[in-house]
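These notes concern the structure reproduced below.
The values are calculated or read from the model by the stated rules, or taken from the named source; none is laboratory data. These numbers were taken from a predicted model, which means no experiment stands behind them. Here the Cβ is made from the backbone with ideal geometry for all residues, glycine too, and neighbour counts use every protein chain on show.
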Amino acid sequence: MKSELFDKYNKEVVPAMKEKFGVKNVMALPRLEKIVINMGVGEAMSDLKILEVAANDLAAITGQKPSLRRSKKAISNFHLRIGAPVGCKVTLRRQRMYEFLERLINVVLPRIRDFNGISRKSFDREGHYSLGLQEQSIFPEIDPTRRDFRAQGMDITFVIKGGDPKKNLEFLGLMGMPFTK
């Protein structure tokens, strides 16, 4: 079962990018390699239950069990020890990646209050795009009325292979990403 966005990529986006960039080889075009979703939970140092709730929310959003992230350094000002749990992350590939991107574009981003599009300037040197969300309650899988709900932000990184930031901006735009004008 393939997602509609994957079909759109093959039938519409690839031919449009080949024509626009004058490229004959499909492998030279930008393509989505993976999506990494990260939740940093600083309060987890005092209460592990908070990290467990965040991990359950991330699992519900992505359909995949997150891996716990532990601190690599000890920072005494933050009462942080080496190996203390500080967050969780999920790496999506293949079908789950396209399903998540489709839900993000069509359902989640339009639910943001006063949404005018996402920034065009969040590309790094390699051409990967990062997006930050302030809370996970905009995902339909999360019930903000439950007792243990805690607003938690997340970072979403789109790892794009085979292009520079300008080509990758065009690629994400053709995929349906709602950028600001």
For region 129-166, which positions are closer than 30 Å to residue 18 by Cα, touching a residue at least 40 places away in the same chain (Cβ under 8 Å) and not β-branched (Val, Ile, Thr)?
129, 158, 161, 162, 163, 165
Members of region 91-133 that are over 25 Å from residue 41 (Cβ atoms) and among the hydrophobic types (A, V, I, L, M, F, W, C):
105, 115, 123
Which numbered condition residue 123 misses (of (1) crowded, with 19+ Cβ neighbours inside 10 Å; (2) of a type outside the set (Lys, Arg); (3) at pLDDT 85 or above):
(3)
Give me a count of the residues in region 104-139 that are among the basic types (Lys, Arg) and closer than 21 Å to residue 168 by Cβ.
3
Residues of region 1-42 being closer than 19 Å to residue 61 by Cα, touching a helix residue (DSSP H, G or I) at 6+ places or on another chain (Cβ under 7 Å) and among the small types (Gly, Ala, Ser), in sequence order, are 3
Top-ranked residue in region 82-107 [being among the β-branched types (Val, Ile, Thr) and part of a strand (DSSP E or B); ranked as modelled with the lowest pLDDT]:
86
May I ask you to list pairs of residues, at least six apart or on different chains, whose Cβ atoms are under 9 Å apart, with the first in region 83-104 being within 15 Å of residue 57 (Cα to Cα) and touching a residue at least 60 places away in the same chain (Cβ under 8 Å) and the second being surrounded by fewer than 20 Cβ atoms within 10 Å (Cβ to Cβ) and of a type in the set (A, V, I, L, M)?
100/156
Being more than 27 Å from residue 8 (Cα to Cα), among the β-branched types (Val, Ile, Thr) and surrounded by 13 or more Cβ atoms within 10 Å (Cβ to Cβ) is the filter here; which residues of region 128-174 pass it?
142
